[in-house]
Amino acid sequence: VTENLELGGYMLRKKERAARIAEILGIFPPLARMSHRMVGKLSGGERKMVAVGRVLMLRPSVLILDEPTAGLSVPLTQELFEVHVRALATAGTGVLVVEQKASEALRVADWGYILVSGRVEVSQSAAEILARPDIGEVFLGGSSSVLAKDG
């Protein structure tokens with residue numbers, strides 16, 4: 001795990017890289033307990049945490065997560081969104097999540113977009129999207145008349 005994080009910080013000076021690894025382990029405490037383990041021996045969710053930690057080594061201003069919950073159990077999906085995505089946002093990293101488990105993602109999001117056939121059909125605050133009475137129809141590709149009210 002530590003070697004993977006070091007690779008993510010390859011452009012940093014040794015001292016700065018060590019400090020950044022400590023910060024990443026603070027964001028993802030479970031990684032601290034696994035720091036000497038081989039990534040190949042970790043679960044799918046743990047591997048995803050390592051991958052995100054590796055990317056964060058260089059302090060990106062925005063992190064794009066494409067289907068981060070694919071293959072994760074319900075508890076790990078909840079942990080990813082409620083703990084880890086929130087921690088990233090709190091630490092100042094913008095997080096863009098592309099996700100099929102939309103309700104779970106919207107619960108931790110500020111803003112949401114719904115794409116239908118590759119086009120943005122809804123662009124609202126996450127709370128407004130979750131409160132929509134037609135949300136099921138919208139997610140199932142509802143008619144244009146349902147979506148027209150959002151412009």
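The values are calculated or read from the model by the stated rules, or taken from the named source; none is laboratory data. Note that the coordinates shown come from a computational prediction; the quantities given were computed from them, not determined experimentally. Using ideal geometry, Cβ is built from the backbone for each residue, glycine included, and neighbour counts are taken over all protein chains shown. Note: accessible area is taken over every heavy atom of the protein model, side chains too, but ligands, DNA and RNA are not part of it. Shrake-Rupley method; radii C 1.70, N 1.55, O 1.52, S 1.80 Å.
Scan the range 59-82 and give yes if some residue there is open to solvent by 80 Å² or more (accessible area, probe 1.4 Å) and farther than 28 Å from Ile135 by Cβ, otherwise no.
Yes; the residues of the range 59-82 include at least one that is open to solvent by 80 Å² or more (accessible area, probe 1.4 Å) and farther than 28 Å from Ile135 by Cβ.
Go over the candidates Arg33, Arg20 one by one and state the one that is closer than 20 Å to Thr93 by Cα and among the charged types (D, E, K, R).
On the way: Arg33 fails: closer than 20 Å to Thr93 by Cα.
From the options Arg33, Arg20, the qualifying one is Arg20.
Would you check if there is a residue in the range 39-51 being out of contact with any helix residue (DSSP H, G or I) (no Cβ under 9 Å at 6 or more places or on another chain), without any contact (Cβ under 8 Å) to a residue 60 or more places away in the chain and assigned to a helix (DSSP H, G or I)?
So the first thing to find is which residues in the range 39-51 are out of contact with any helix residue (DSSP H, G or I) (no Cβ under 9 Å at 6 or more places or on another chain), and the list is 41.
In the following step, the residues that additionally are without any contact (Cβ under 8 Å) to a residue 60 or more places away in the chain were identified as 41.
Keeping just the survivors that are assigned to a helix (DSSP H, G or I) gives 41.
Checking the range 39-51: at least one residue is out of contact with any helix residue (DSSP H, G or I) (no Cβ under 9 Å at 6 or more places or on another chain), without any contact (Cβ under 8 Å) to a residue 60 or more places away in the chain and assigned to a helix (DSSP H, G or I).
Is there a residue being of a type outside the set (Asp, Glu), farther than 17 Å from Glu99 by Cα and in contact with a strand residue (DSSP E or B) (Cβ under 8 Å, 6 or more places away or on another chain) anywhere in the range 56-66? It would help to see each step written out before you state the result.
Start the filter on the range 56-66 by keeping residues that are of a type outside the set (Asp, Glu), which leaves 56-65.
Narrowing the set further to residues that are farther than 17 Å from Glu99 by Cα leaves 56-61.
Next, from what is left, pick out any that are in contact with a strand residue (DSSP E or B) (Cβ under 8 Å, 6 or more places away or on another chain): 56, 61.
The answer is yes; a qualifying residue exists.
Return yes or no: is Val52 within 13 Å of the chain's Cα centre (by Cα) and open to solvent by 30 Å² or more (accessible area, probe 1.4 Å)? Walk me through it before giving the result.
On the way: within 13 Å of the chain's Cα centre (by Cα): yes; open to solvent by 30 Å² or more (accessible area, probe 1.4 Å): no.
It is false that Val52 is within 13 Å of the chain's Cα centre (by Cα) and open to solvent by 30 Å² or more (accessible area, probe 1.4 Å).
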